[in-house]
1. Can you list residues from other chains, or at least 5 along the same chain, whose modelled amide H is less than 5 Å from the amide H of L29?
2. Can you tell me the dipole magnitude for the range 117-231 around its Cα centre, using point charges on the Cβ only (Lys, Arg +1; Asp, Glu -1), in Debye to the nearest 20?
3. Expressed as an acute angle from 0 to 90° and rounded to the nearest 10, what is the orientation of the C-alpha long axis of helix 139-153 relative to the principal long axis of the chain?
4. Report, in deg cm²/dmol and to the nearest 500, the calculated mean residue ellipticity at 222 nm for the chain, where each DSSP H run with n ≥ 4 adds -39500 (n - 2.57) and the sum is divided by the residue count.
5. How long is the gain from R54 to N174 if the chain were fully straight, where each residue apart is worth 0.36 nm and the alpha carbon distance is subtracted?
6. Please compute the length gained on full extension between R249 and S104, using 0.36 nm multiplied by the number of residues separating them and subtracting their Cα-Cα distance.
7. Pairs of lysine in the chain with Cα under 21 Å and at least 8 positions apart or on different chains: total?
8. Set the Förster radius R0 to 22 Å, insert the Cβ-Cβ distance between R302 and A194 as r into 1/(1 + (r/R0)^6), and round the FRET efficiency to 0.05.
Amino acid sequence: MSERVLVTGASGFVGRALVATFLREGLPLRAATRNPAACSLPADAEIAALPDLRAAIDWAPLLDGVGAVVHLAGIAHVGASVDPAIYDRVNHVATAKLAAACASAGVRRLVFMSSVRAQSGPAAVHVLKETDDPHPSEAYGRSKLQGEEAVRASRVPWTIFRPAMVYGPGVKGNLARLTRLAASPWPLPFAGFAGRRSLLGLDNLIAAITLALDTENTIGELFLVADPEPVTLAEILTALRRGSGRSPRLFPLPPALFEAALKLAGRGDVWERLGGELVVDPSKLIAAGWHPDPDTLGGLARLV
């Protein structure tokens, strides 16, 4: 890969790490972000202003001289406070316009970062595979699925990723909340939580993106992306506490008590994230040549 790569969402959690990796490897890139003046990207990065994805966008100037695109920009969180129409405009319509513009500009490859939530709700009763029919449970997942469909319908060579929850330096969202919980001085009542969840190391995700840009056998393919071995909530908290040199200090309370209380409070979604399983089978991507670091618990420990 020697042509310039456009990275959208370059100042986000994944984008910053991807841009740093490309610059370290001497790869030409254009880093597109909503607020170039406020971003903390390296000084030698070519930074471009990314228009508001909620509005109509002329993608042509950003694609000028670009051979490949990694589309990370979008609304990345799940929440009832976000208008579903905004999810649709940002994650679906803007992606569709980008894919069409890439085809017109002769872009060699478009890598679209979707989400496992395009395939499933916060929990699933079986191990997820690419061959499963998608059943997103909220507006965020549906908008990502519609974005995927738009990319598939375009004439640009594409690769789509559905990553599990990503962890790494600067992580936000649910894993950041677990990190703060693990940092508390109190014993925690989660020793009995045995539901398994797939996570994804940030370095492993970057390796997947690089593979998609460099190899022909990922063209026109959808991949679930996760570390090879799922982990439990108890194992996550234990790893986070051991990473800061502390003992786990977990004790068991019946998970059914948490389930009953959360559902009574109308927060069944929180229970699904805490007590449910969401396991992803990444074997298709591994067969395509991806070589992930399998040490999820070690990665979580290093996170703190």
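1. Here the answer is V5, E46, since their amide H atoms fall under 5 Å of that of L29.
2. 540
3. Rounded to the nearest ten degrees, it is 30.
4. Mean residue ellipticity at 222 nm (helix-derived): -10500 deg cm²/dmol.
5. So the extension gain works out to 40.7 nm.
6. Answer, rounded to one decimal: 46.5 nm.
7. 5
8. Computed FRET efficiency for R302 and A194: 0.35.
No value in this document is a laboratory result; all are computed from the given coordinates. Everything numeric here is computed off the predicted structure, so don't read it as measured data. Cβ sites come from the backbone with ideal geometry, for glycine too, and all protein chains shown count toward neighbours.
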